[in-house]
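Enquirer: Got a structure here, written out as structure tokens. Questions coming.
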Amino acid sequence: MSPRTLTGSSVVILRVGEGPDAVADELDREGASASTVRVATVRDRADDEVAVEVGALEGFAWVAVTSLNAARRLALWSAQWPNATRIGAVGPATLAAVEALGLRGDAVAAGGTAVDLARHIDAGPVLFLAAANARGDLAHELARRGIEVATVVAYDIEPIALDASMVAGVLSSDAIVAMAPSAIDALVSLDERARRTARGIPLVAFGPSTERHAMRIGWPIASVAVRRDPQAVTDAVRVALGR
């Protein structure tokens, strides 16, 4: 692939939470002008509240995490992780967050979805650490196979109302990257004129969950990142822009 194939393009990344943006860094390396707009904040539930709701971690055969924020909360137990409790991560970035805590990931979903992850889990009970608005795909798939699941809310997602400068940045971009289903919700929340303009900008969905949410709402999608990593997003932006 020729280097810097995105030179001259402006890409806005709609993301949840704070922290570094490896997708923006990768797009910049390819010559794009990439900017990040935070569409929601992450509010952790209190450590004591989460720990009490989980109870004895050794009572679970698996712990499933389907986001970086869920993986981050494993720090509550990382110092004394039970040997027999395995960890399943939804994709490479989530796995890396698990390993950064000194823990071992026992399964990673190559397809990057909760249903893919559920297929790697072979026994219960399973602890699913999740956001308050998490979809039930993983629990549904495991329950279908007769595997017990306990879902514990570890954090909340709180939408951010986009101000005029944020909206202007989105509407002046050549492509929009939606990193989570809540990014699609942020686009839908725009006023009618802005929403009409935004619908005409090529949208890249990060993974199948975001793609499905956009399809349910009827938001047009130009391309989908086939893997949950920055290079896959960059490739999808190339497709969306015809590069």
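Enquirer: Could you give the nm distance between label points at N133 and D25, where each point is 7 Å from its Cα heading toward the beta carbon?
Expert: Distance between label points: 2.7 nm.
Enquirer: Working from the pairwise distances between different alpha carbons, so that the mean of 1/r is found and then inverted, what is region 1-90's Kirkwood radius in Å?
Expert: Values: mean 1/r = 0.0622 Å⁻¹.
Over region 1-90, the inverse of the mean reciprocal pair distance is 16.1 Å.
Enquirer: Let me ask something else. Label region 44-157 by shape, choosing from rounded, prolate and oblate, from the square roots a ≥ b ≥ c of the eigenvalues of the Cα gyration tensor; if a/c is under 1.5 it is rounded, and otherwise prolate applies when a/b is larger than b/c, oblate when it is not.
Expert: Rounded, because the longest to shortest axis ratio a/c is under 1.5.
Enquirer: For the chain, taking Cα atoms only, what is the radius of gyration to one decimal and the Dmax to the nearest whole Å?
Expert: When restricted to Cα atoms, the chain yields Rg and Dmax of 18.5, 55 Å.
Enquirer: What is the distance, in nm, between label points placed 7 Å from the Cα along the Cα-to-Cβ direction at I217 and at L76?
Expert: Those two pseudo-labels are separated by 2.9 nm.
Enquirer: Taking the beta-carbon count within 10 Å as an exposure proxy, list H120, H140, H213 from fewest neighbours to most. Walk me through the numbers on the way to the answer.
Expert: On the way: H120 16, H140 13, H213 19.
So the ranking, lowest neighbour count to highest, is H140, H120, H213.
Enquirer: Between region 125-196 and region 42-62, how many Å separate their Cα centres?
Expert: Distance between centres, Cα-based: 22 Å.
Enquirer: Label point 7 Å out from T151 along Cα-to-Cβ: which residues of region 82-122 have amide N under 12 Å?
Expert: none
Enquirer: In square nanometres, what is one fourth of the surface area of the convex hull spanned by the alpha carbons of region 90-131?
Expert: Working: hull surface 12.9 nm².
Averaged projected area of region 90-131's Cα convex hull equals 3.2 nm².
Enquirer: A further question on this structure: Taking the Cβ of R145 as the centre, find all other residues whose Cβ is under 15 Å away and add up their charges (Lys, Arg: +1; Asp, Glu: -1).
Expert: Surrounding charge for R145 is -3.
Enquirer: A further question follows. So, counting K/R as plus one and D/E as minus one, what does the shell of residues with Cβ under 10 Å around S223 add up to?
Expert: Working: positive: R238; negative: E211, D235.
Residues close to S223 contribute a combined charge of -1.
We did not get these values from a lab; they are worked out from the coordinates using the rules stated. Everything numeric here is computed off the predicted structure, so don't read it as measured data. Every residue, glycine among them, receives a Cβ derived from its backbone with ideal geometry; neighbour counts consider all protein chains shown.
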